[in-house]
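The values are calculated or read from the model by the stated rules, or taken from the named source; none is laboratory data. Source: prediction; values computed, not measured. Don't worry about glycine lacking a Cβ; one is built from the backbone with ideal geometry, like all the others, and counts go over all protein chains shown. Accessible surface areas use protein heavy atoms only, side chains included; no ligands, DNA or RNA. Shrake-Rupley method; radii C 1.70, N 1.55, O 1.52, S 1.80 Å.
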Amino acid sequence: MLNIAILISGRGSNMQALIDAAHQSGFPAKIACVISNDPDAKGLDKARAANIPALAINHKNFRDRQGFEEELDKKLNECKAQLVCLAGFMRLLTPWFVERWRDRLINIHPSLLPAFPGLATHKQALDYGVKFHGCTVHFVRAEMDHGPIILQAAVPVMPDDTEESLAARVLESEHKIYPEAVRLIAEGRVNVLDEKVFVTGANIALAKSSAVK
């Protein structure tokens, strides 16, 4: 069983998807802890309700990012995390932390990277007039919203879509591919070579998603 830690800043909907997956028979990972930089994050209560150790490390209590990340790194090691999953974690991580957890730190982003990094991705997609939008699970690198892509899922953009309707449809796909990406990693089937992901024995049957190799 792979020990995973989840970092959140808010309500933790993708965290909940991972919790639900971890409760399924045969899922090869367990959630060792949930950590938030916001003591008031709603997701902390959800984690505790699921009997998962949950704690807050308030970034405002530290003089700089390095101090916050050193404490974060300490807590992750205390809970014996082997993989760290960012799930709506709204703090930019420094190169020090990213390299310390290189290829053991993943994120889900609400766009088909490399398109539309950053915030307001659904507005960007609608403004640009793309016909397909989606989400991406990737290994984290120091540059924001960059890193080897593990899984992606695409959803069609409808003529009458609003930011809200498009976001809701993308979120449904996020909740499917994030647990699947964790499963592939926990099964030892994900390898990174020359900053590209290769999945061994790939037979991924997720609707409207594909592994990027």
For LYS176, the aspartates and glutamates lying under 12 Å Cα to Cα, once residues fewer than eight places off in the same chain are dropped, come out as ASP20
If N is the residue count of the chain, its Cα Rg over 2.2 N^0.38 Å rounds to 0.98
Over the Cα atoms of the range 111-208 the radius of gyration and the largest Cα-Cα distance (Dmax), both in Å, equal 14.1, 42
Mean-square fluctuation maximum in Gaussian network of the chain, Cα pairs under 10 Å, restricted to LYS46, LYS74, LYS30, hits LYS74
Here the relative contact order (percent) of the range 60-213, from C-alpha pairs under 8 Å and at least 6 apart, is 19 percent
Sorting LEU166, PRO114, VAL140 by the position of each Cα along the dipole of the range 79-189 (Lys, Arg +1; Asp, Glu -1; all at Cβ), the one nearest the positive end of that ordering is VAL140
Singleton cysteines, the chain, no second Cys beta-carbon under 4.7 Å -> CYS85, CYS135
To the nearest Å², the heavy-atom accessible area per residue of the range 1-52 with 1.4 Å probe amounts to 42 Å²
For the chain, the dipole about the Cα centre with charges only on Cβ (Lys and Arg +1, Asp and Glu -1), to the nearest 20 debye, works out at 440 debye
Taking a ≥ b ≥ c as the square roots of the Cα gyration tensor eigenvalues, with a/c under 1.5 meaning rounded and otherwise prolate when a/b beats b/c or oblate if not, the range 7-131 comes out oblate
Scalar couplings 3J(HN,Hα) for the range 66-71 by Karplus 6.51 cos²θ - 1.76 cosθ + 1.60 (θ = phi - 60°), nearest whole Hz, x for Gly and Pro, are 4, x, 4, 5, 5, 5
Interchain or sequence-distant (5+) residues whose placed amide H lies within less than 5 Å of the amide H of ILE150 are VAL137, HIS138, PHE139
For the range 16-57, the dipole about the Cα centre with charges only on Cβ (Lys and Arg +1, Asp and Glu -1), to the nearest 20 debye, works out at 120 debye
Counting only protein heavy atoms with a 1.4 Å probe and every protein chain in place, the carbon and sulfur fraction of the accessible surface of the chain in whole percent equals 51 percent
Spelling it out for ARG11: with amide H atoms placed in the peptide plane at 1.01 Å from N, the residues 5 or more places away or on another chain with amide H under 5 Å from its amide H are LYS42, GLY43
Cα convex hull volume per residue for the range 21-66, in Å³, equals 83 Å³
Treating only Lys and Arg (+1) and Asp and Glu (-1) as charged, each at its beta carbon, one finds that the range 35-130 has a dipole about its Cα centre, in Debye to the nearest 20, of 140 debye
Charge tally for neighbours of ALA32 with beta carbon under 12 Å away, counting Lys, Arg as +1 and Asp, Glu as -1, is +2
For the range 67-213, dividing by residue count, accessible area per residue (probe 1.4 Å) in Å² works out to 49 Å²
Taking Cα pairs closer than 8 Å and at least 6 residues apart, the relative contact order of the range 142-197 in percent is 51 percent
Sorted by chain and then number, the residues having a modelled amide H within less than 5 Å of the amide H of VAL157, at least 5 places away or on another chain, are PHE132, HIS133
